[in-house]
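What follows is calculated from the coordinates using simple rules that are stated; it is not laboratory data. No experiment lies behind these values; they were computed from the predicted model shown. Every residue, glycine as well, gets a Cβ built from its backbone with ideal geometry; the counts of neighbours run over all protein chains shown.
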Amino acid sequence: MGASPGVVEGVVQIILQPEEVNRMEEGKILVVPFTNPLFTSALLKCSALITDEGGIMSHGAIIARELGIPAVVGTKKATSSLKDGQRILVDGERGEIYEK
Amino acid sequence: MKNNNHLLNKFTEVMANALLGVSEEPGLYIWPMPYFHPAEGNFYLYAPKNSFLVQLRSLIDGLRNKGVNDKDIALLFKKPSRIATLTFLFEGMRYSELTKEERVKLAIDILNYIASFRKEDPFCEEMRNILWDESEVRDVLRKVNLISIPQLPRDKSTKIRKLASQINASLWLLCEYLYFNHHSIGHEFHGPYRLDNGLLLIVREYYDLKNELWSFSDKLPANQITSFEVYEKIQK
């Protein structure tokens with residue numbers, strides 16, 4: 001579902017564990033199972049957020065709206081369906097993700 | 001022990017209503033996780049905090065014995081949201097050494113401290129967190145320089161809106177860094193205050209940022225940052 005409006009095209013960066021947040025590169029699209037404060041540094045670098053779990057009141061959704069970046073949350077399968085380095089378009093208003 | 005305390009009853013009612021609204025959502029879907037469950041909730045975090053509860057009770061009693069009144073005790077916490085984080089302790093209280101009477105008394109004290117800040121609506125039932133009266137709002141607004149964004153060219157106003165949003169988001173995230181789940185220990189968002197001409201003021205205070213627990217806090221330029229935002233033409 002769409003949790004924060006906006007449309008961004010970019011490259012996927014999958015982060016499965018908070019311990020991996022240092023891998024996050026500036027401007028990439030962050031794809032995670034869910035977020036909590038341990039993902040903070042990655043959230044500050046990403047251009048959009050996609051999560052497997054969560055709703056419009058989840059941590060990631062709230063932070064994405066504050067940051068003004070698009071977010072699609074509760075996809076159930078983003079971390080398993082998307083690939084690192086894949087180019088996608090995220091529509092946070094409609095809650096849709098397109099392969100480019 | 002029969003409880004006739006209005007605040008405690010109101011708190012129970014408000015929490016019950018809030019939980020009813022989210023009970024079907026998994027915990028991860030709500031932030032900060034407000035669900036109360038003996039196995040999944042915050043219970044496991046607070047059950048070992050017996051010594052904290054005993055110390056808190058003893059600290060409050062000690063201050064009272066020294067003649068400090070409840071309003072001044074509340075002010076030691078600085079902000080109501082910070083005190084509200086203590087209500088998470090209610091859940092694990094029954095596992096503490098405190099007697100039931102002491103637990104109820106401590107809960108009532110904590111709720112009274114919150115109410116001393118939010119005089120009219122201690123649990124924000126009207127969706128407003130009002131801490132200042134009209135004269136305080138006027139005084140504060142006299143001291144700040146507001147930037148009128150609608151009067152700026154579109155490209156500039158967009159940049160400023162985005163910058164303000166990112167500053168707030170970054171400060172929120174910093175509070176999460178400092179205080180994790182209980183990030184409201186480091187910030188208080190209050191308002192909306194109704195101004196003249198239908199304008200609304202929202203105040204976001206971030207404080208105790210240079211928390212000595214963290215070495216990097218020394219590098220922060222300020223211990224407190226407050227953001228004032230005035231909105232017009234708000235639609236419900």
Would you mind computing, in nm to one decimal, how far apart the modelled labels at B:SER148 and B:PHE52 are, each placed 7 Å from Cα along Cα→Cβ?
-> 4.8
For the protein assembly as shown, size of Cβ-based charge dipole, Lys and Arg +1, Asp and Glu -1, in debye = 460
Tell me the label-point distance for the pair A:SER81, B:GLU134, using the 7 Å Cα-to-Cβ offset, in nm and rounded to one decimal.
-> 5.5
Spatially close lysines, pair count over chain A: Cα under 17 Å, gap of eight or more or interchain = 4
Counting DSSP beta bridges in segment A:2-99, what percent are antiparallel, to the nearest 5?
-> 55
Beta bridges by DSSP in the protein assembly as shown, antiparallel share as percent, to the nearest 5 | 75
Potential lengthening between B:ARG194 and B:LEU59 on full extension [0.36 nm per residue; Cα-Cα distance subtracted] = 44.8 nm
Checking rank on B:97-108, B:134-145, with mean other Cβ inside 10 Å and highest first, the result is B:97-108, B:134-145
For each of A:THR35, B:THR87, B:THR158, A:THR40, count neighbouring Cβ atoms within 10 Å of the residue's Cβ, then give the residues from fewest to most.
-> B:THR158, B:THR87, A:THR40, A:THR35
